[in-house]
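Peer 1: My questions will all concern the structure given below.
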Ligand SMILES: [Zn+2]
């Protein structure tokens, strides 16, 4: 989850190029209109009008991505020169995959439209999300990394259940968000965070007391743990972005006094390395 500038090659060059090929000239005006509509709607699936292509034409558009995915500007979306701080869709540490913000099965006309091609990680394609792109109410949709500029702000945190030994937790939108944006963030979290996020969070939680013990020595005070968490949060937000998995975890931990006290007590009882 993050805001990104539009990718290299955004615009209609690819449409003009393809439509010079034999048999494609009849696509030009409908295709350009669809791409213009996508930009006007900011990729919002509730605003975009599906283009009027026949089933045969839609199939041609769908497979176009397979022909072009490894080359040119699409390859640069996958692996840009400077890399990404974290997965712009789900916030994991992985990247290296291109995903369709609006799935090409439903919207084949955007199969190679750059604004619809967003960087993601392998979990995004294979884990919870699948081909989900919207819910049942107008604000329920995925965050679009190119158009939702507000995605560069902190949007969510981890909330912990009553029994910290059993560690039940969930991902929740930040309370300060306006209702419509909150609905979008809630839908996004429910769609992109799956088993990999749960495993990663559980593993990080399990490693924290020992790290605290090593860093802080004895006795392990609640104030020292809070300072340590704040320091780690500042570092994660800078390195991975405010909506990366660990950033959201650490923000949630710092909101909950029980969590800080629990970490201090477990760190205190942890044997020195
Ligand atoms: Zn991802």
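Nothing in this text is a laboratory measurement; each read-out follows from the coordinates by a stated rule. These numbers were taken from a predicted model, which means no experiment stands behind them. Backbone-built Cβ (ideal geometry, glycine too); neighbour counts: all protein chains shown.
Peer 1: Subtract the Cα-Cα distance of residue 33 and residue 67 from 0.36 nm times their separation in residues, and report this length gain in nm to one decimal. Don't skip to the end; give the middle numbers.
Peer 2: Numbers: separation 34, 0.36 × 34 = 12.24 nm, distance 2.27 nm.
Fully extending the segment from residue 33 to residue 67 adds 10.0 nm.
Peer 1: What number, rounded to the nearest 500 deg cm²/dmol, is the helix-based mean residue ellipticity at 222 nm of the chain, given -39500 (n - 2.57) per DSSP H run of at least four residues and division by all its residues? Don't skip to the answer; put the middle values down first.
Peer 2: Details: 10 runs with 124 residues, N = 273.
The helix contribution divided over the chain gives -14000 deg cm²/dmol.
Peer 1: Another question, then. Applying 1/(1 + (r/R0)^6) with R0 = 41 Å to the Cβ-Cβ distance of residue 137 and residue 238, what FRET efficiency is obtained, to the nearest 0.05? Write down the numbers at each step before the final one.
Peer 2: Values: r = 35 Å, r/R0 = 0.85.
Computed FRET efficiency for residue 137 and residue 238 comes out at 0.70.
Peer 1: Right, here's the next one. Which one, 189, 21, 229, has the greatest fluctuation when you compute a Gaussian network model over the chain with C-alpha springs under 10 angstrom?
Peer 2: 21
Peer 1: Turning to a different aspect of this structure: Give me the extension gain from residue 211 to residue 49: residue separation times 0.36 nm, minus the current Cα-Cα distance, reported in nm with one decimal.
Peer 2: Working: separation 162, 0.36 × 162 = 58.32 nm, distance 5.17 nm.
53.1 nm is the gain from fully extending residue 211 to residue 49.
Peer 1: Based only on Cα atoms, what Rg/Rh ratio does the range 83-128 have, Rh being taken as Kirkwood's radius? Can you show the working numbers first?
Peer 2: On the way: Rg = 10.7 Å, Rh = 10.8 Å.
Reported Rg/Rh, Kirkwood definition of Rh: 0.99.
Peer 1: Where the Cα atoms of the range 190-273 are projected onto their three principal axes, how long is each span, largest first, in whole Å?
Peer 2: 41, 23, 23
Peer 1: Then there's this: Report, in whole Å, the centroid distance computed from the Cα atoms of the range 134-161 and the range 228-268.
Peer 2: Answer, in whole Å: 21.
Peer 1: Can you give the percent of C-alpha pairs in the range 49-136 whose distance is more than 20 Å?
Peer 2: On the way: 1400 of 3828 pairs.
So the portion of pairs separated by more than 20 Å is 37 percent.
Peer 1: Suppose R0 equals 45 Å; then what is the FRET efficiency for residue 223 and residue 149 from their Cβ-Cβ distance, rounded to the nearest 0.05?
Peer 2: Working: r = 37 Å, r/R0 = 0.82.
Computed FRET efficiency for residue 223 and residue 149 comes out at 0.75.
Peer 1: For the chain, compute the orientation-averaged projected area of the C-alpha convex hull (one quarter of its surface), in nm².
Peer 2: In nm², the orientation-averaged hull projection of the chain is 15.7.
Peer 1: For the range 122-195, rounded, prolate or oblate, judged on the Cα gyration tensor with a ≥ b ≥ c (square roots of eigenvalues), a/c < 1.5 rounded, else prolate if a/b > b/c? List each step's numbers first, then the result.
Peer 2: Details: a/c = 1.93, a/b = 1.29, b/c = 1.50.
Verdict is oblate for the range 122-195.
Peer 1: Separation between the residue 230 and residue 163 pseudo-spin-labels, each 7 Å from Cα along Cα→Cβ, expressed in nm?
Peer 2: With each label placed 7 Å out from Cα toward Cβ, I get 3.3 nm.
Peer 1: Order 86-98, 26-38, 48-60 from most to least packed using the mean count of other Cβ atoms within 10 Å. Can you show the working numbers first?
Peer 2: Values: 86-98: 21.9, 26-38: 16.7, 48-60: 14.2.
Most protected by this proxy first, the peptides run 86-98, 26-38, 48-60.
Peer 1: What is the Rg over Rh value, at two decimals, for the range 120-273, using alpha-carbon atoms and the Kirkwood definition of Rh? It would help to have the intermediate numbers written out before the result.
Peer 2: Details: Rg = 16.8 Å, Rh = 16.6 Å.
Here the Rg-to-Rh quotient is 1.01.
Peer 1: Full-extension gain between residue 198 and residue 106, please, as 0.36 nm times their residue separation minus the C-alpha to C-alpha distance.
Peer 2: Numbers: separation 92, 0.36 × 92 = 33.12 nm, distance 2.94 nm.
Here the answer is 30.2 nm.
Peer 1: Quick one: give the max-minus-min coordinate of the C-alpha atoms of the range 159-199 along each principal axis, largest first, in Å.
Peer 2: Cα spread of the range 159-199 along its principal axes, largest to smallest: 34, 21, 8 Å.
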